[in-house]
């Protein structure tokens, strides 16, 4: 179907005039469709991965979303683990996802979503769907990077406060601060 602004009411949440292919660090959050908890559950502050969660175990996975820090350096796009997850190795810090200076953050996310969806569907979980779009924050300062790393690493411990948890019991001040970064930039 051809794009029709009267029918398609998509509003971009990306920064206007920002070149998302330039070198930098980007904190991303990608949710499942309707924030359905397909990756697992949190029990006693630990994420217990489902079969789908075990397939997708590349970033920090929560029951219905994932967090990651993507590093783009002079056209090289690297996937970097943000926690000491049992499956994360030091070799992953050097794993090059794509080598193309024309790649943008949006293209990386589209590639990741398409590839993981195909992998999950090939394993028989045809109901798996990503939510349209994703959240990102351009990390510009060291203190932001440290805060985001801490937030990501402690996310399973605060699942009961997570804004992506439909059963959350209260707000998390650090999470509110992290998402304030995203809105303010």
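The values are calculated or read from the model by the stated rules, or taken from the named source; none is laboratory data. Since this is a predicted model, take the numbers as computed values, not measurements. FYI the Cβ positions are ideal-geometry reconstructions off the backbone, even for glycines, and counts take in every protein chain you see.
Quick look at the values:
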quantity	calculated
Which numbered condition residue 152 misses (of (1) in a helix (DSSP H, G or I); (2) at pLDDT 90 or above)	(2)
First in region 151-173 and more than 12 Å from residue 47 (Cα to Cα), second anywhere and modelled with pLDDT under 85 and assigned to a helix (DSSP H, G or I), Cβ under 8 Å, 6 or more apart	151/174; 151/175; 151/178; 161/175; 162/175; 163/175; 163/179
Subset of region 100-119 [out of contact with any strand residue (DSSP E or B) (no Cβ under 7 Å at 6 or more places or on another chain) and either farther than 15 Å from residue 31 by Cβ or loosely packed, with under 14 Cβ neighbours inside 10 Å (or both)]	100, 101, 102, 104, 106, 107, 110, 111, 114, 115, 118, 119
Conditions (1) at pLDDT below 85; (2) in contact with a helix residue (DSSP H, G or I) (Cβ under 9 Å, 6 or more places away or on another chain); (3) part of a loop (DSSP other than H, G, I, E, B); (4) within 23 Å of residue 153 (Cβ to Cβ); number of the one not met by residue 103	(4)
Residue 175 vs. criteria in a helix (DSSP H, G or I) and modelled with pLDDT under 85	yes
Residue in region 13-32 that is in contact with a helix residue (DSSP H, G or I) (Cβ under 7 Å, 6 or more places away or on another chain), surrounded by 13 or more Cβ atoms within 10 Å (Cβ to Cβ), over 23 Å from residue 139 (Cβ atoms) and modelled with pLDDT of 80 or more present	no
Test: residue 146 is over 17 Å from residue 72 (Cβ atoms) and either in a loop (DSSP other than H, G, I, E, B) or touching a strand residue (DSSP E or B) at 6+ places or on another chain (Cβ under 9 Å) (or both)	no
Among (1) modelled with pLDDT under 70; (2) crowded, with 18+ Cβ neighbours inside 10 Å, the one test that residue 87 misses	(2)
Residue that is nearest to the chain's Cα centre (by Cα), among those in region 38-48 that are closer than 13 Å to residue 156 by Cβ and surrounded by 18 or more Cβ atoms within 10 Å (Cβ to Cβ)	39
